[in-house]
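Student: Before I ask anything, let me first share the structure, which is written out below as structure tokens.
Rule-based calculations on the coordinates, nothing more; no lab input. Remember, predicted model here, so these are calculated numbers, not experimental data. Every residue, glycine among them, receives a Cβ derived from its backbone with ideal geometry; neighbour counts consider all protein chains shown.
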There are 4 protein chains.
Amino acid sequence: MSETYVAVIGAGEASTAEMADAEEVGRLLADAGAVLVCGGLGGVMHAAARGCTRAGGTAVGILPGDDRSPGSPHLSVTISTGLGEARNAIVVRTADVVIAIGGEFGTLSEIALALRMNKPVVGLSTWPLARTPSSLDPIFRATSAADAVAEALRAARTTRRHD
Amino acid sequence: MSETYVAVIGAGEASTAEMADAEEVGRLLADAGAVLVCGGLGGVMHAAARGCTRAGGTAVGILPGDDRSPGSPHLSVTISTGLGEARNAIVVRTADVVIAIGGEFGTLSEIALALRMNKPVVGLSTWPLARTPSSLDPIFRATSAADAVAEALRAARTTRRHD
Amino acid sequence: MSETYVAVIGAGEASTAEMADAEEVGRLLADAGAVLVCGGLGGVMHAAARGCTRAGGTAVGILPGDDRSPGSPHLSVTISTGLGEARNAIVVRTADVVIAIGGEFGTLSEIALALRMNKPVVGLSTWPLARTPSSLDPIFRATSAADAVAEALRAARTTRRHD
Amino acid sequence: MSETYVAVIGAGEASTAEMADAEEVGRLLADAGAVLVCGGLGGVMHAAARGCTRAGGTAVGILPGDDRSPGSPHLSVTISTGLGEARNAIVVRTADVVIAIGGEFGTLSEIALALRMNKPVVGLSTWPLARTPSSLDPIFRATSAADAVAEALRAARTTRRHD
């Protein structure tokens, strides 16, 4: 009965394609009744929140700063942590699964924290990740927004069954 | 247009009177369209969240632990911070104003952090607070749940006007 | 064999008497081979660090901000947390026992967090603390810097024996 | 006059070669009068702290948990944050420059946070990092412990000159 929480992570300045993917991911998460969690700022975060709340879903933004005002206007709920970059750990900690879209170093830190916490990570055009050339890819590489959401929800079900 | 966020703080184990006050505070915050923020666990937090969401409002719980499962089932949104008691600073940071109901040491730490951050604190049967016998009381002492909510909303309006 | 860590907490702007007490507490902690932990800024924190390191002891400052530059020059080690007021929880978490000297709301939050974490608190002219008029005082009230340090070290021994 | 703080990051379980590199890095940082910061646990963190303090240097461990007991016995100062993985941000925030040795996902999160905070990162057999095949490598790749320390100190001087 309890909802699935999906973090959508990506850069605060994103390409048109990334913004479109993020908005579609947000919309599909709303359709599936999942709660979207993000860093609450611009770019991928903003687009995902907009797609989600426009489709009637719940989008939670977890901000780095001391007040809620820089939060995207498309968030349902805005948390101001005052923790700076340490808030990345909370975005990931709150989620059952993470969808990474594009992204810069902040996104990479969230991917790494998620993998460290044994949370599944689904990627859309995001960081390649292999410690050595022969390492298995720890990220599920999705081919579209719909594929990313389907895989994220599947992975969340599997993970939570074993809790 | 942006909502007022009100933290309702109090002990995880509370008296019948405190629970009734918390539930009424939650209900009145929902009626006023404010977002309720709390620590997400039992006692005052649980009762306030129940009063709020049963009246159609939004209640956000910010948990100390690593997963969302100990959160009250009456929360609209549950954040797991993994920060332990350091999460108290986030509960207060996210709010425009704080209502303290009864409470133990955790509540006292949140009252003190709120005052440190220059956020108004409204108290219902909570900690007395005077550095010296002649100090002014930094807490507005409410006489009922309705009085507490009215004063909190008034203080939030005043504070935010000066932002 | 492992050292005792003692947090010395108090306001960033303190009276002459508080500064003298803090410096003496720092000196005595150094003499006892304890590690002093503080918030790293001015006032009581600065005086305690100075007393400690001038006597050859180790003083650790845990700062709220993003860089080490506002730290007292008398610190042996300076940590910049970037967490704002949430760093108060780390000051207390790192210590075995807390000595509070005077203090404003930030100090009160640290006293409350320490009591919440079941850590002994020794007070020198600090906040009175009683939930009700008949409550036992949760703080050991010291009469001098020497008394405060003696009690803190005694309390730390007792607490750690039961760990 | 103020010291340089160098974070040495790497996995809690490390290979013999990584341990040897970490110990040598710790020793050379002590020789240079730099303060070593690390996550305070085993593997690379333990070896670096041992190399540093055996050579008379200062090694600071910033632990994820609620008490200091899991800290390496070779630390000069042990901080218990109680923040879980969010403590990674503090390790990086406190340092002027980061040396990464080998490492798993936790280390990758610290590399990414350092780059996000515009802090130089020197790598010894650590994660490859390129968002696209044509991206410039954001990590200085050192060929030995001595090379890593020399580059880290050089980068710290350059960075701090511009502060």
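Student: Look through the range A:35-52, keep the residues that are of a type in the set (A, V, I, L, M, F, W, C) and within 22 Å of C:G84 (Cβ to Cβ), and return whichever of them is farthest from the other protein chains (Cβ to nearest Cβ).
Tutor: Within the range A:35-52, the first condition is being of a type in the set (A, V, I, L, M, F, W, C), and the residues that meet it are A:35-38, A:41, A:44-45, A:47-49, A:52.
After this cut, where a residue has to be within 22 Å of C:G84 (Cβ to Cβ) as well, the list is A:37-38, A:41, A:45.
Values: A:V37: 8, A:C38: 12, A:L41: 13, A:M45: 15 Å.
That would be A:M45.
Student: Oh, and also: Tally up the residues in the range C:54-73 that are within 15 Å of C:L29 (Cα to Cα) and over 15 Å from the mean Cα position of the chain (by Cα), please.
Tutor: Within the range C:54-73, residues that are within 15 Å of C:L29 (Cα to Cα) and over 15 Å from the mean Cα position of the chain (by Cα) number 3.
Student: Being closer than 20 Å to A:V37 by Cβ, in contact with a Leu (Cβ under 6 Å, 6 or more places away or on another chain) and surrounded by 21 or more Cβ atoms within 10 Å (Cβ to Cβ) narrows it down to one residue among B:A95, B:A49; which is it? Walk me through it before giving the result.
Tutor: Working: B:A95 fails: in contact with a Leu (Cβ under 6 Å, 6 or more places away or on another chain).
Step by step, each of B:A95, B:A49 is checked, and only B:A49 is closer than 20 Å to A:V37 by Cβ, in contact with a Leu (Cβ under 6 Å, 6 or more places away or on another chain) and surrounded by 21 or more Cβ atoms within 10 Å (Cβ to Cβ).
Student: Please tell me if D:P133 is farther than 26 Å from C:G65 by Cα, surrounded by fewer than 19 Cβ atoms within 10 Å (Cβ to Cβ), out of contact with any Phe, Trp or Tyr (no Cβ under 7 Å at 6 or more places or on another chain) and more than 8 Å from chain A (Cβ to nearest Cβ). Lay out the reasoning, then the answer.
Tutor: On the way: farther than 26 Å from C:G65 by Cα: yes; surrounded by fewer than 19 Cβ atoms within 10 Å (Cβ to Cβ): yes; out of contact with any Phe, Trp or Tyr (no Cβ under 7 Å at 6 or more places or on another chain): yes; more than 8 Å from chain A (Cβ to nearest Cβ): yes.
It is true that D:P133 is farther than 26 Å from C:G65 by Cα, surrounded by fewer than 19 Cβ atoms within 10 Å (Cβ to Cβ), out of contact with any Phe, Trp or Tyr (no Cβ under 7 Å at 6 or more places or on another chain) and more than 8 Å from chain A (Cβ to nearest Cβ).
Student: What number of residues within the range C:98-114 satisfy the criterion of being free of Cβ contacts under 8 Å to residues at least 60 places away in the same chain and surrounded by 24 or more Cβ atoms within 10 Å (Cβ to Cβ)? Before the answer, list the steps.
Tutor: At the first step, the residues of the range C:98-114 found to be free of Cβ contacts under 8 Å to residues at least 60 places away in the same chain are C:105, C:108-109, C:112-113.
When the remaining residues are screened for being surrounded by 24 or more Cβ atoms within 10 Å (Cβ to Cβ), the result is C:108-109, C:112-113.
Qualifying residue count for the region: 4.
Student: Determine whether B:G57 is without any contact (Cβ under 8 Å) to a residue 60 or more places away in the chain and over 20 Å from A:I79 (Cβ atoms).
Tutor: On the way: without any contact (Cβ under 8 Å) to a residue 60 or more places away in the chain: yes; over 20 Å from A:I79 (Cβ atoms): no.
So B:G57 does not fit the description; no.
Student: Working only within the range C:53-71, note down all residues that are within 13 Å of chain D (Cβ to nearest Cβ) and not in a loop (DSSP other than H, G, I, E, B). First the steps, then the outcome.
Tutor: We begin by selecting, within the range C:53-71, every residue within 13 Å of chain D (Cβ to nearest Cβ); these are C:53, C:57-71.
Matches in the range C:53-71: C:T53, C:T58, C:A59, C:V60, C:G61, C:I62, C:L63.
Student: Here's another thing I want to ask about it. Is there a residue being outside any loop (DSSP other than H, G, I, E, B) and within 22 Å of B:E110 (Cα to Cα) anywhere in the range C:129-138? Give the steps one after another, and end with the answer.
Tutor: First, pick out the residues of the range C:129-138 that are outside any loop (DSSP other than H, G, I, E, B): none.
Checked the range C:129-138: no residue is outside any loop (DSSP other than H, G, I, E, B) and within 22 Å of B:E110 (Cα to Cα).
Student: Just give me the residues in the range C:136-163 being out of contact with any helix residue (DSSP H, G or I) (no Cβ under 6 Å at 6 or more places or on another chain) and within 14 Å of chain B (Cβ to nearest Cβ), in sequence order.
Tutor: Scanning the range C:136-163 gives C:L136, C:D137, C:I139.
Student: Something else: Just checking, how many residues over the range D:72-93 are out of contact with any strand residue (DSSP E or B) (no Cβ under 7 Å at 6 or more places or on another chain) and either at positive phi or in a helix (DSSP H, G or I) (or both)? Don't jump to the end; show me each part of the working.
Tutor: Looking only at the range D:72-93, we keep the residues that are out of contact with any strand residue (DSSP E or B) (no Cβ under 7 Å at 6 or more places or on another chain), and these are D:73, D:82-86, D:88-89.
So of that shortlist, the ones also either at positive phi or in a helix (DSSP H, G or I) (or both) come out as D:82, D:84-86, D:88-89.
Matching residues across the range D:72-93 total 6.
Student: What are the pairs, 6+ residues apart or on separate chains, where a residue within the range A:76-93 that is more than 15 Å from D:E85 (Cβ to Cβ) and more than 7 Å from every other protein chain (Cβ to nearest Cβ) has its Cβ under 9 Å from a residue that is crowded, with 24+ Cβ neighbours inside 10 Å and among the polar types (S, T, N, Q)?
Tutor: Taking only residues 6 or more apart or on different chains, the pairs are A:T78/B:T94.
Student: Any idea how many residues of the range A:141-163 are farther than 19 Å from A:V37 by Cα and not in a loop (DSSP other than H, G, I, E, B)?
Tutor: Residues that pass the stated criteria total 3.
Student: Among the residues of the range D:109-128 satisfying the criterion of being out of contact with any strand residue (DSSP E or B) (no Cβ under 8 Å at 6 or more places or on another chain) and over 13 Å from D:G39 (Cβ atoms), which is farthest from the other protein chains (Cβ to nearest Cβ)? Lay out the reasoning, then the answer.
Tutor: Filtering the range D:109-128 down to residues out of contact with any strand residue (DSSP E or B) (no Cβ under 8 Å at 6 or more places or on another chain) leaves D:109, D:112-113, D:116-118, D:128.
Subsequent filtering for residues that are over 13 Å from D:G39 (Cβ atoms) retains D:112, D:116-118, D:128.
Values: D:A112: 4, D:R116: 4, D:M117: 7, D:N118: 9, D:P128: 7 Å.
Only one residue fits best here, namely D:N118.
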